[in-house]
1. Restricting attention to the range 33-43, which residues are surrounded by fewer than 21 Cβ atoms within 10 Å (Cβ to Cβ) and in a loop (DSSP other than H, G, I, E, B)?
2. Scan R34, R113 and give me the residue that is at pLDDT below 95, more than 21 Å from P164 (Cα to Cα) and not polar (S, T, N, Q).
3. Every residue in the range 66-103 that is in contact with a Phe, Trp or Tyr (Cβ under 9 Å, 6 or more places away or on another chain), without any contact (Cβ under 8 Å) to a residue 40 or more places away in the chain and surrounded by fewer than 24 Cβ atoms within 10 Å (Cβ to Cβ), please.
4. Hey, among L377, L350, which residue is out of contact with any Cys (no Cβ under 9 Å at 6 or more places or on another chain), under 28 Å from K236 (Cβ atoms) and modelled with pLDDT under 90?
5. Go through (1) of a type in the set (D, E); (2) within 15 Å of I226 (Cβ to Cβ); (3) modelled with pLDDT under 85 and name the single condition E366 misses.
6. On the basis of being crowded, with 21+ Cβ neighbours inside 10 Å, in contact (Cβ under 8 Å) with a residue 60 or more places away in the chain, among the aliphatic types (A, V, I, L, M) and closer than 20 Å to E136 by Cβ, does A106 make the cut?
7. Got a sec? Which of I92, I103 is touching a Leu at 6+ places or on another chain (Cβ under 7 Å) and under 23 Å from T9 (Cβ atoms)?
8. If you take the residues in the range 133-145 that are more than 19 Å from R108 (Cβ to Cβ) and aliphatic (A, V, I, L, M), which one is surrounded by the fewest Cβ atoms within 10 Å (Cβ to Cβ)?
Amino acid sequence: MIDFRNVNTLWASVLVETLHRCGVTMAVICPGSRSTPLTVAFASHRAVKTIPILDERSAAFFALGRAKKTGLPTVLVCTSGTAGANFYPAVIEAKQSSIPLIILTADRPPELRNCHAGQTIDQVKLYGNLPNWQCELAVPEANLGMLHYLRQNLIQAWQQSLSPAPGVVHLNIPLRSPLAPIKQPLGQIELQFPPDFFCSVVSSTPTVNVVTLPWSSWQGKSGIIIAGLAQPRDPKAYCQAIAILSQGLSFPVLAEALSPLRNYAQLNPYLISTYDSILRQEATQQLIPEVVIQVGELPTSKQLRNWLQDIDIRRWIIDERVDNFDPLHGKSIHLGISVEQVAHQMSLDLKHSPQTSYCQQWCVRETATRTDLDQTLASLHQMYEGKAAWLISSTLPPGTPVFLE
């Protein structure tokens, strides 16, 4: 399934398998040298029908017709240079008619641009503002972190081609030699490649109906809810929704300092505000969850992000926007739905859960850590930023507006 002959075959085979897992069943391939790794990967995949068409304009309209018939993205592949420009009429048609297409244009690597190398034009944002989303991928590398990055961008490409309205996604793919599938050493990547690498890639559309939410994979598990920076139109309703989710599953909520959750702390007894300090302590092995639910963006805490990356647990991302909310490129599944909708469905389907021992561990550590921080800051006589913030928060009455410059 994964081709480890060289870095390009590795990159291209991961690309094709990820798109297949998302739901791609057909690729239309145009001729050319620079796109060889992509052509070989698509042609070698048993579950993706690959159709070669010599003329790029004809190929683009063939892919457009197929996508219009199925309602799902067809992949369109071409080599570097002016080949991609011949897709332009079909791109306009796809935009005007809301038809999903995923266009992969192979390109020269950065060092061969702007130096009169043959078959080279500026392919970045080749289709202007017509695509739903466009991105230039990194030059292929044979390491697991970059393969995670590749997987996440392809999932995003699939989702953006379908939502908020179907349309074009353009990925520009720089490739260095060797372009042919010749054997080259890749170090330890074949041994490091995990068997569950594609487990978080699911065939779905970005808009998830609430009745399909994965309650069975959340209920009765040890889990956490992570809530990052948010500016909801109705902060109280947003915080109530997360409280319903938290108490319905008995999951503690790790809340970013800039989240409104801390302003409505009375709504949720499972709110954790000292997680950055808790995760710096020893014996955090007991805090590793089975389920991670991420609401919106990740908090800015580097400690939390490193911990999440280390434990590598599947994350369910709740946000109705189609943006990529996974800077860790992990095992994440984006549910295109608001947390208020999730809470409404939960209130219909699930009853309140008693506090689990896992949730209690977090709450006990929150209380102990908060007490330690208060005692330490109270005993300090010198003034510094942390002490000033602590004094302001403990002295001013609730609801006082504070402006920091």
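1. S33
2. R113
3. Scanning the range 66-103 gives Y88, P89, I92, E93.
4. Going through L377, L350 in turn, the sole match is L350.
5. (3)
6. Against the criterion (crowded, with 21+ Cβ neighbours inside 10 Å, in contact (Cβ under 8 Å) with a residue 60 or more places away in the chain, among the aliphatic types (A, V, I, L, M) and closer than 20 Å to E136 by Cβ), A106 qualifies.
7. Details: I92 fails: under 23 Å from T9 (Cβ atoms).
One residue alone meets the criteria, I103.
8. L144
The values are calculated or read from the model by the stated rules, or taken from the named source; none is laboratory data. From a predicted model like this one, the values you see are computed outputs, not experimental measurements. Glycine also receives a Cβ, built like all others from the backbone with ideal geometry; neighbour counts cover every protein chain displayed.
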